[in-house]
Amino acid sequence: MVRFSFYCFAASSLAIWAAAICYILYAVGRVRLAHTTMVTTTGTSVTSTGAQFGPGSLGIGRAGTLMTCFGAFFSGLSILLRAIAAEHVVLSNMYEYSLAFVFACTASYLVFERAYKIRQLGAIVLTVAAGMTFYIWSLPVEMREINPVVPALRAGAIMPFHVGSAVLAYSVLSVSFAGAVFFLVANRWSPRWLPSAEMLDDVSFRAVTIGFPLLSLMLILGSVWAHSAWGTYWSWDPKETAALFAWLVYAIYLHTRTLRGWRGTRSAYILLFGFASLIFTYYGNYFFGGLHAYGGV
Amino acid sequence: MADISLQTRPSRPMAEVVIDRIWRFLCSVRAAIAEIAILSLFVLTGTLRGSEVPQWIADLLPFTQPVVDKWYAWDVYRSVPFAVILAVLAIAIAVCTINRVPTIWQTISHPKLTTSRGWLRNADLSATYGTNGDVQSLSDEITGILKQHRYRVLTQKVGEDIHLYADKNRYAKLGTFPFHLALILLLVGGIVGAQYGFRNQEFTVTEGQTRDVGHHTGLSIRLDRFQDLYVPMGVASQYESTIAILKNGKEVKSGAVSVNHPMTYQSATIYQSAFGNSIVLKITDPSGSVVYSDALPMGSFNLKGNPDAPAGLIDLPAVGKQLVVAGPDVAPFNQPELDKLKLQSGELWIEMSDRDPALAASTKTDQVITLGKPATIDGYTITFERERRYSTFQVAYNPGIPIFIIAAVMLLGGLAAIFYFPQRRLRGIVSPAQTGSSLQIAPLAKRDWSAKRDFLRVMEKASEKLGEPEAMKLPSKGSEWQHFTGSSTMAP
């Protein structure tokens, strides 16, 4: 069962890599060489050649969506099989955590693609997911096996909800990151095949309106868990405070956007910074000490 | 010649000016954002302090080492500037919230109903419908359509026209109050917990021993048994302490305590924190009086020079002595060259010295003692009676927890109300036309893509009853609007 779960992960990796390539091709669009010939009054003809950019092939976009569906399906199946084999929710180390992220990232992207009917965001979100699959492949082989959960992580229902809300928050906020990147592109060069900057700004905002409450939920559930495990609901542990820092960055984004009317470039830069803070929190186990050390590699 | 008299504005009292300025500062969104940004910087500084990142910086740029050393030494979260920024932010949240109540309530209960043709003309998204009926019947029709979409519709007759205002999810705006109040409550909970609760992080009890909790609780904890189980790879699979809680010497509760499964009795909660081995020692002075008879947890310290040798410290202020006790190396195959004592199971190395630091070095005497065999060091008889397990608990009482739970519910509820029930507003004018009446309607959705999309969806439904719009003005930017049908069209 564990091996089959791994094969499913391998299949999802291939699908996600293919999806990322398809979406990148779709987002970049088609480049055509256009030859223009002009004839001067003296009869001399002058020819110039220039690149013309156009929307990406719809077929490639659809292939990207299909591959993303495969990626979400196989990563979900991989988690399910692993959970059946382990007889518990599999979120207890970086392998399982990252696998859950891959699933949540692809699934949440598909929800946004369907809601906004745009595929370009996949070029970023699926690249993030593909990057995560590379990270999973780079983890020690022993982590693919199911190991007993350390007592600290045996916390009943609160553990999957705490870690699950973190995974979902990070996944949805990666969509906001993608929106911010494309916003900056659309705002700078206004390519015809991209949706309007206003729409991309809205995608980012909607993603944050989902991700920010999830981040809050993660912090609250973490505090409730900390209270039952450590006797205090806040310990100023580096991983806790890193998550709090990310929460504050997104709080700044929401306040500047809703109360100060910051929309556009400045908001997009805050979102880029917010996503960097999420990555910092995600991989914090590698350089933080403290109470979350057992959750590391 | 005209008589000119100058009237000077009466100056306001200084106190009023100061209060006004402070109030304005606390209400300022810009100041609030700056405060959050400063708080973020503090949190980032504290977070990095718990990592190796500052040292990496120092390794890369050696001249920064002194700053990095200060960085590691600075306990950000217990510093005065951090407390100040938290206090300022809490006050600003409270003042801002109070200040926003009248405006938000005005928008909810008494919104402005009229609009101007100029505003409708300049809106980047609007729809115009025409019907053969009169103004009132068209107004009633659009009111019915909007109410089907859960809009509250308010109208006002202005001349022959009917001005229309519609909104949805108006009460969701109130979600900002529980959210911000929750942030204050979280701080209050922390203060209440710190002020009126207690927390003993190193409450160590040896098997068979009873220890008072203190803090006027009248409680004691007895450790009956400690058990730890391991999987073949050496990872702890479970460790739990069987304890009894005594109130004024009488057992009132007993059971197992393990990680994530604390035990609570009245005001105190007992959490499993650590465990290890302890040694039971008895020390008598040269006159035969017992100066120490207790269990000493081993492993809280390690022997200098050998991190694998568990050690403990006994302080005897009554006789002016202190003892360093070390046990056998727990990992003899790891750096065996460091194990200079070569102690066997059942042996202890004891070093006795004077408590006075000036005399400590000159009075040091050490000896290896064996289980069950009394030994004499510097006239003191020391008996290693037996080994026992010990558990270290956290014993805590936090009266701020109910406040924290209320705050958590308010915070999430407030966020859900704000984000998942966004307020939508429309304005329109129904006016007489040459052949009946016409309606021009537009959303209040400046730079709000979702609100525009919602408006178009409502207008699609309106078109089913009112017929196709006479004019539909779409945003000039964004190819997606040209493709908008509200169904499954993929743009572009």
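Throughout, read-outs are computed from the coordinates displayed, never taken from laboratory work. The shown structure was predicted, so the numbers you read here are calculated from the model rather than taken from an experiment. Backbone-built Cβ (ideal geometry, glycine too); neighbour counts: all protein chains shown.
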| said: In Å and on Cα atoms, what radius of gyration and Dmax does the range B:280-438 show? | reply: 34.0, 120
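Given R₀ = 30 Å, FRET efficiency for A:Ala276-A:Leu14 by Cβ-Cβ distance, to 0.05?
Values: r = 28 Å, r/R0 = 0.95.
Efficiency, from the Cβ-Cβ distance: 0.60.
What's the FRET efficiency of B:Ile108 with B:Ile57 using the Cβ-Cβ distance as r and R₀ = 56 Å, to the nearest 0.05?
On the way: r = 51 Å, r/R0 = 0.91.
After rounding, the FRET efficiency stands at 0.65.
Based on the Cβ-Cβ distance of B:Ala15 and B:Gln227, what FRET efficiency does E = 1/(1 + (r/R0)^6) give at R0 = 56 Å, to the nearest 0.05?
Calculated value: 0.25.
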| field | Paramagnetic label zone (point 7 Å from Cα along Cα-to-C-beta, B:Val84; backbone N under 19 Å) in the range B:35-70 | value | B:35-46
| request: Evaluate the relative contact order of the range A:223-271 (contact order divided by residue number), counting alpha-carbon pairs under 8 angstrom at least 6 apart; express in whole percent. | output: 23
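From Cα pairs below 8 angstrom and at least 6 apart in sequence, can you work out the relative contact order of the range B:158-229, rounded to a whole percent?
Values: 33 pairs, mean separation 12.5, N = 72.
Over the range B:158-229, the number comes to 17 percent.
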| request: For chain B, find the longest principal axis of its Cα atoms and tell me its angle to the long axis of helix B:80-109, 0 to 90°, nearest 10. | output: 30
| request: Enumerate by residue number the GluC sites (Glu not before Pro) in the range B:1-102 meeting two conditions: DSSP loop (anything except H, G, I, E, B), and at most 15 other Cβ atoms within 10 Å of the site's Cβ. | output: B:Glu52
| query | Where the centre of each part is set by its Cα atoms, how far does the range A:123-201 sit from the range B:88-103, in angstrom? | reply | 35
| query | Among A:Ala152, A:Ala186, A:Ala268, whose mean-square fluctuation peaks in a Gaussian network model of chain A (Cα, cutoff 10 Å)? | reply | A:Ala152
| said: Restricting to Cα atoms and excluding each atom paired with itself, what does the Kirkwood estimate give for chain B in Å? | reply: 31.1
| note | Expressed in nanometres to one decimal, the distance between label points 7 Å along Cα→Cβ at B:Leu371 and A:Trp193 is 7.8
| remark: For chain A, the longest principal axis of the Cα atoms and the Cα long axis of helix A:197-230 enclose an angle in degrees, to the nearest 10, of 10
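Ordered by packing density, taken as the mean number of other Cβ atoms within 10 Å over each peptide's residues, highest first, how do B:329-335, A:252-258 rank?
Numbers: B:329-335: 13.3, A:252-258: 19.4.
Most protected by this proxy first, the peptides run A:252-258, B:329-335.
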| said: Give me a comma-separated list of calculated 3J(HN,Hα) values for the range A:109-114, in order, Karplus coefficients 6.51, -1.76, 1.60 applied at θ = phi - 60°, integers in Hz, x for any Gly or Pro. | reply: 4, 4, 4, 5, 4, 6
| request: At a Cα cut-off below 17 Å, give the lysines reachable from B:Lys446, other chains included and same-chain residues fewer than 8 away excluded. | output: B:Lys168, B:Lys473, B:Lys477
| query | Once you average over the residues of B:182-195, how many Cβ atoms of partner chains fall within 10 Å of each Cβ? | reply | 1
| request: Enter the angle in degrees (range 0 to 90, nearest 10) between the Cα long axis of helix B:29-49 and the first principal axis of the Cα atoms of chain B, meaning the one along which they spread out most. | output: 30
| Value at 222 nm in deg cm²/dmol, rounded to 500, when DSSP H runs of n ≥ 4 in chain A each add -39,500 (n - 2.57) | -24000 deg cm²/dmol
| task | Would you mind checking the pairs A:Lys117/B:Lys465; B:Lys282/B:Lys304; B:Lys321/B:Lys373; B:Lys70/B:Lys321; A:Lys117/B:Lys112 and listing those with alpha carbons more than 30 angstrom apart? | result | B:Lys70/B:Lys321; A:Lys117/B:Lys112
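Placing unit charges on C-beta atoms (Lys and Arg positive, Asp and Glu negative, everything else neutral), compute the dipole magnitude of the protein assembly as shown about its Cα centre in debye, rounded to 20. The partial results should precede the final answer.
Values: 67 positive and 54 negative charges, 634 e Å.
Computed about the Cα centre, the dipole is about 3040 debye.
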| Where the Cα atoms of the range B:63-185 are projected onto their three principal axes, how long is each span, largest first, in whole Å? | 83, 34, 26
